[in-house]
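Every read-out reported here was derived from the displayed coordinates using simple, explicitly stated rules and does not represent laboratory data. Worth saying up front: this structure is predicted, and the values here are computed from it rather than measured. Methodologically, a virtual Cβ is constructed for each residue, glycine included, from the backbone with ideal geometry; neighbour enumeration extends over all protein chains shown.
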Amino acid sequence: MRIRIGRTLPPAAAPIGIKDLVMGLVALFAGKKSVRNLEEDLGRFYGCRYCFAVSSGRAALSVILQALHELSPEREEILIPAYTCFSVPASIVKNGLKVSLCDLAPDSLDFDFDSLERMLDNPRLLCVIPTHLYGTSADVQRVKKIATGRDLFVVEDAAQAMGAEQNGVQVGKYGDVFFFSTDRGKALSTVEGGLILTDNPRVGETVQKIVGNVPNCSNRHLICLIFKAIALSLFIHPNLYWLPKALPFLQLGKNKFDPTFSITKMSSFQAGLARKWKEKLVSFQQIRSRNALSILSANSWTQAAIVPEVGERIRLPIFVEDQAAKEKILREGDRRGLGISEGYPRSINEIDHPFNLSYGRSFPSAENTARTLISLPIHPSIQEKEISKIAGLLKELLPKAGDQ
Ligand SMILES: *Cc1c(COP(=O)(O)O)cnc(C)c1O
């Protein structure tokens, strides 16, 4: 790998400022009350009676799955998109449940609904997880419609869609239960973290009981989080990001399948970091939307690149013509420090692991997505001239309309 020294864009960033750090430290002294405040605030905002803050998005999903399995112990398969974050199958495996995959529709980031309808006719299915990749990209209402009457749950994976709306409706409204991640690369960051929301009393009460037995964040981990928050507030800045990016042991941007993560409550420090969540989500989203529009309008979009339909985005996803084009753009983007990244490197059926009932089976759209999707940064730390550089690079490397 060539190491680049100098201004380098991270692929995604929800900056943590000095004020956030101070609020985090102040919250440490308020203790559990700050976590409860965050949960109550969010619950009120989303019209959900139940909201729980835990250590990560995968911890949130894990707790949700445990609760649902308790409600329907005879059902143990979880239906997920064949292209999604590796943490999703990891959470399923952690609970001893089974992963079942549904392909995506071509050139989209949502389910292929024909396959989905067939797959929902399964008495062992516990829940289906429509997933908002890059923003709001899942038609959860449609999933809910097909699922109704089948005695299975719809869990909305809104890990990447905190604060987003779809046709004027808040994310989460159509699922039985939904969750956000507040990890580094998401809409809002508390270094790491997850939020569970539901207005369904059966699900809510069961989740509450489980979360009640989850351990608190240890003091050791808390100190680690404080240092990470300080490092993140400095090094996520494009002028310094080249440094952590050059350190291979940090493995920035790597997606690993790892079902051995721990589940704890969110610390009061993290709740403090999130204190201004509403204002930050709104202002970040305005900037991201503006940046996405600038890139899109600066380019002469050709048939070689397809922008999938996604609502408010945290990154701008684009399908390019083939894997060679993807690799060329990533390589050149890396050289110029433009923060262009791939999505997930493989589809879930390509993870070689004993859990994987679908290993070796074929999910053509998901596989094609892994080969041809790139994402462009649109976060608040980008400068205008970098937007032009990104647009310029695409213009240079993507074939023009009419080339053939
Ligand atoms: C990030 C992410 C998760 C997991 O969240 P973590 O906080 O990283 O554990 C789950 N699903 C999707 C779609 C994600 O992007």
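A 22 angstrom limit on the alpha carbon distance is what I want to check against. Which of LYS186/LYS245; LYS33/LYS94; LYS32/LYS94; LYS186/LYS209; LYS145/LYS280; LYS145/LYS256 exceed it? As for pairs spanning more than 22 Å Cα to Cα, those are LYS33/LYS94; LYS32/LYS94; LYS186/LYS209; LYS145/LYS280; LYS145/LYS256. Of the peptides 123-136, 329-342, 39-52, 219-232, the ranking by mean beta-carbon count within 10 Å, highest at the top, reads 123-136, 329-342, 39-52, 219-232. Under 5 Å from the amide H of SER55 lie the amide H atoms of GLY194, THR264, MET266, each residue being 5 or more positions distant or on a separate chain, with H modelled from the backbone and absent for Pro and chain starts.
Extending 7 Å from the Cα toward the beta-carbon at both LEU397 and ASN167 defines two label points whose distance is 3.6 nm. Which residues does a label at SER283 reach in the stretch 18-37, if reach means a backbone N under 11 Å from a point 7 Å past the Cα toward the Cβ? Answer for this model: 18-20. At an R0 of 56 angstrom, the distance between the Cβ atoms of ASN213 and LEU293 translates into a FRET efficiency of 0.75. Multiplying the residue separation of ILE230 and GLU309 by 0.36 nm and removing their Cα-Cα distance gives an extension gain of 24.9 nm. The slack between ASN37 and PHE249, meaning 0.36 nm per residue of separation minus the straight C-alpha distance, is 72.7 nm. Other residues lying with their Cβ under 14 Å from the Cβ of VAL22 contribute a combined charge of +2, Lys and Arg counting +1, Asp and Glu -1. Look at the Cα gyration tensor of the chain: its axes a ≥ b ≥ c give a/c of at least 1.5 with a/b at or below b/c, and that counts as oblate. The mean sequence separation of alpha-carbon pairs under 8 Å and at least six residues apart, normalised by the residue count of the chain, gives a relative contact order of 26 percent. Cβ under 15 Å from GLU117's Cβ, GLU117 left aside: what net charge do those residues give with Lys, Arg +1 and Asp, Glu -1? Residues close to GLU117 contribute a combined charge of -1.
Phi angles of the stretch 261-270 translate, via the Karplus equation with coefficients 6.51, -1.76, 1.60 and θ = phi - 60°, into HN-Hα couplings of 5, 9, 10, 9, 6, 6, 7, 5, 4, 5 Hz per residue; Gly and Pro are given as x.
DSSP assigns beta bridges within the chain; of those with both partners inside it, close to 60 percent run antiparallel. Here, the stretch 246-404 has an Rg and a Dmax of 18.3, 58 Å when only alpha carbons are counted. Apply 1/(1 + (r/R0)^6) to the Cβ-Cβ distance of SER72 and ASP107, taking R0 = 45 Å, and write down the FRET efficiency to the nearest 0.05. Computed FRET efficiency for SER72 and ASP107 comes out at 0.85.
Each label point was placed 7 Å from the Cα along the Cα-to-Cβ direction; for ARG202 and LYS276 their separation is 4.3 nm. With K and R counted +1 and D and E -1, the other residues having a Cβ less than 12 Å from that of ASP183 yield a net charge of +3.
Applying 1/(1 + (r/R0)^6) with r as the Cβ-Cβ distance of THR260 and ALA324 and R0 = 35 angstrom yields a FRET efficiency of 0.45. Could you tell me which of rounded, prolate or oblate describes the stretch 28-69, using a ≥ b ≥ c as the square roots of the eigenvalues of the alpha-carbon gyration tensor, with rounded for a/c under 1.5 and, failing that, prolate when a/b is larger than b/c and oblate otherwise? Here the stretch 28-69 falls in the oblate category. Per-residue ellipticity at 222 nm computed for the chain from its helices equals -12500 deg cm²/dmol, with DSSP H segments shorter than 4 residues left out and the rest contributing -39,500 (n - 2.57). A full extension of the chain between ILE223 and ARG49 corresponds to an added length of 59.5 nm, given 0.36 nm per residue minus the alpha carbon distance.
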